[in-house]
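These notes are about the structure you will find just below.
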């Protein structure tokens, strides 16, 4: 292993999931200005939007969130690539003759 490329300032840091208030401790070099008390000991805290305790992949509670109609926009955009039923095509061909 090469010398001098790994950080030396590892310390125990609390990571807090802001969506469900879950806190877990691990070693990290992340710089923080805030602290939190866990089990009577004060640790630096890193606030996160999502973690393993709230991510739908790990919880099995996947939700489909439609923000500003994005799903409808996608469906409308690619709707033209759907193939028309064969019955509709044959009726159009007969009316053109």
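The values are calculated or read from the model by the stated rules, or taken from the named source; none is laboratory data. Fair warning: this is a prediction, and the values are worked out from it, not measured in the lab. Cβ placement follows ideal geometry from the backbone for every residue including glycine, while neighbour counts extend to all protein chains displayed.
Go through the stretch 6-57 and count every residue that is on the phi > 0 side of the Ramachandran plot and over 26 Å from the mean Cα position of the chain (by Cα). The qualifying residues number 2. Flag: residue 32 matches the condition of being at pLDDT 85 or above, in a loop (DSSP other than H, G, I, E, B) and surrounded by 11 or more Cβ atoms within 10 Å (Cβ to Cβ). Restricting attention to the stretch 35-60, which residues are modelled with pLDDT of 85 or more and either assigned to a strand (DSSP E or B) or surrounded by 11 or more Cβ atoms within 10 Å (Cβ to Cβ) (or both)? 35, 36, 37, 38, 41, 42, 43, 44, 45, 46, 47, 48, listed by residue number.
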